[in-house]
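The structure appears below as C-alpha cells.
All of the numbers you see were taken from the coordinates with simple rules; none came from a lab. As the structure is a computational prediction, the values presented were derived from the model and not from experiment. Counting neighbours? That spans all protein chains shown, and the Cβs are built from the backbone with ideal geometry, glycine included.
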2 protein chains.
Amino acid sequence: MSSMEEKTIQSTPIFNGSVIRVHEDEVTLPNGKTSRRELVKHPGAVAVICVTEEGKLVLVKQYRKALEKAIAEIPAGKLEAGEEPAVCAARELEEETGIRASKMRPLGSFYTSPGFADELVYLFLAEGLSQGTVEADEDEFVERMDVTPGEAAEMVLRQEIHDAKTMYALLLWETKLRTSTT
Amino acid sequence: MSSMEEKTIQSTPIFNGSVIRVHEDEVTLPNGKTSRRELVKHPGAVAVICVTEEGKLVLVKQYRKALEKAIAEIPAGKLEAGEEPAVCAARELEEETGIRASKMRPLGSFYTSPGFADELVYLFLAEGLSQGTVEADEDEFVERMDVTPGEAAEMVLRQEIHDAKTMYALLLWETKLRTSTT
C-alpha cells in the first residue's frame, strides 16, 4: 500500500467556499516523477433509506444546480461541523420529509468521487417512524414522493432517479432490506 | 419541475483545471430570493464490471490523493473529449488490467455527487474477454486484484472497497448479474 503513496510536494489553495474547498497538489509519484492533482474537500454527507408503513420508499425531488435539472433522491444532506452522522440523518429526514425516526440504523458509508473529491456519504435505514415537521433550509426546495419498487424502477429508466447513492439504496432495498422493512 | 428551477444571475469562474472546472453561481430561488452555489464541472467517467472465467471480479487498487489512501475499485477512468463511453470503458479496462473485451454491455449511468458536481459515470459489463496489454497512464499506478464475492464482502467491511460505484457494482454482481456472468 505505502509504495503507491503520492507524497505532497506543494499544495496550492484555490478556493475556500462555504461548502467545498479546492486545492491543487503537486505530488511525487511512486516512480519518482511528479504530477498534479486537482482536489475538492467536502464536509461529508448522510443519506437515509426510509420506508413507510405502506412499504413505499421516501424520495425527495429537488433542483440540482450542478446538473441544471431536478432529480429524485433519497433524503440526504451535508454534515454540519462536529455533527454525528446519525444525528444529521435524523435532522435531514425530518426537515425534508416531515418524518421523525427514533433510530437510524447504519448501513455503511462510501466515497462518491474518489478521483477528485473526499466526499464521504454515511447511509442509514430510518426506524421507529412517526409524524414530525417539515422545515427545509431556507435555500432548499424539496418535494416529497413516496414510491413503490416498481415506480422507482421506472424512474431509474426515465433518469428521474439518476444518482449513485439513490441507485445503490434502491438495489439494497430491493434485494436485502425488503423483508426487514415491510 | 420547472417551478423548482434555480436561474443563474451570475456565474463566476474560479478554476479551470486540466480535469475539473470550478465556478460559483448566484441563483434566483423559486421563492424569488437569491443564493450561491459552488459547482464543479467534470468530464464524466466510465466504470467496468469485469468477471473472469473463474467467476472472480476484477478490481484495481490505486492511491487516491483526494482520500490520501489506496482503495480497491472496479476499473474506471475519465472520458476523453468526444470519446464514446463504451470505447473509453474498453480502453480503460485494457490499460489498467490487461484484459481486452469484445463487447461492453451498458448497465446504466449515475451522477456521483449531484449536490456540487456534474460527474456522470457510465457503468458497463465487459463481455468477450481475451488477453490484452497492460499500459497504464504514465501518472497512474494500479494493481490488479481478482476477488471472489466473499473476498469482496470482507474488503467492504475493512473499507478497502469504499466507493459508491464499486459498492453499487458489487451489489449488482451479487444479486442480478451472477447467473449471467458465471
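Hey, got the dipole for segment B:45-180? About the Cα centre, +1 on K and R Cβ, -1 on D and E Cβ, debye to the nearest 20?
520 debye
Hey, got the average number of other protein chain Cβ atoms within 10 angstrom for residues in B:38-45?
5
Amide H neighbours of A:GLU119 under 5 Å, counting only residues 5+ apart in sequence or on other chains, H built in-plane at 1.01 Å?
It is A:HIS42, A:THR112, A:SER113, by chain and number.
Figure the gain on full extension for A:GLU68 and A:THR175 (residue separation times 0.36 nm, minus the Cα-Cα span) and round it to one decimal in nm.
35.4 nm is the gain from fully extending A:GLU68 to A:THR175.
Suppose we keep just the alpha-carbon trace of segment A:9-72; what are its Rg and Dmax in angstrom?
Radius of gyration, then largest Cα-Cα span, for segment A:9-72: 19.3, 59 Å.
Checking the cross-link filter: which lysines have an alpha carbon closer than 20 Å to that of B:LYS176, excluding same-chain neighbours under 8 positions apart?
Leaving aside lysines fewer than 8 places away in the same chain, those within reach of B:LYS176 are A:LYS165, A:LYS176, B:LYS56, B:LYS103, B:LYS165.
Looking only at other chains, what is the average number of their beta-carbon atoms within 10 angstrom of each beta-carbon in A:126-138?
0
Provide, for q = 0.19 Å⁻¹, the log10 of I(q)/I(0) from a solvent-free Debye sum over equal Cα point scatterers in segment B:75-173.
Reported log10 I(q)/I(0), two decimals: -1.13.
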